[in-house]
Amino acid sequence: MGKGKSDLALPLTEMEDYGRRLRSLKTRMNHTKKLFESYRDDIGDGSVNDALSDFESNWEDGREDITQQIDALADMSDAVVREFKKLEDELTKQVNEKMKVEDKRDKK
């Protein structure tokens, strides 16, 4: 053990943020078709629009597997944070209970 330093440290804020960022990535990833369509008039060239449409069609084929994996990672991140906080609360409670000093002197 270190000198007052915890042997186990988990960056909970970053872990909480990790799940949120994964879900945000999934949302953005699933909106590529809308993004491509929003630039259709700006691009103008039909061959570019056709290529983007082909990409979106092919991308859609593998996207479901990727989104399931992203969901699983985000859920695991949430579970780690939840369980670590539960453990931390329980350990804190146990330490606080041990630290309580009962006054066993006779009160006269």
Checklist entry - In region 63-108, how many residues are assigned to a helix (DSSP H, G or I) and modelled with pLDDT under 80? => result 0
Checklist entry - Going by the conditions given, is residue 18 more than 27 Å from the chain's Cα centre (by Cα) and of a type in the set (Phe, Trp, Tyr)? => result no
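Here's the yes/no breakdown for (1) of a type in the set (Asp, Glu); (2) open to solvent by less than 60 Å² (accessible area, probe 1.4 Å); (3) without any contact (Cβ under 8 Å) to a residue 40 or more places away in the chain:
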| residue | (1), (2), (3) |
| --- | --- |
| 14 | yes, no, yes |
| 31 | no, no, yes |
| 34 | no, no, yes |
| 50 | yes, no, yes |
| 56 | yes, yes, yes |
| 74 | no, yes, no |
| 87 | no, no, yes |
| 95 | no, no, yes |
Next on the checklist: Go through region 1-12 and report how many residues are loosely packed, with under 13 Cβ neighbours inside 10 Å and modelled with pLDDT of 80 or more.
Outcome noted: 1
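The values are calculated or read from the model by the stated rules, or taken from the named source; none is laboratory data. The shown structure was predicted, so the numbers you read here are calculated from the model rather than taken from an experiment. Here Cβ is always computed from backbone atoms with ideal geometry, including for glycine, and neighbour counts include all displayed protein chains. Calculation scope for accessible area: heavy atoms of the full protein, side chains included, ligands and nucleic acids excluded. Shrake-Rupley method; radii C 1.70, N 1.55, O 1.52, S 1.80 Å.
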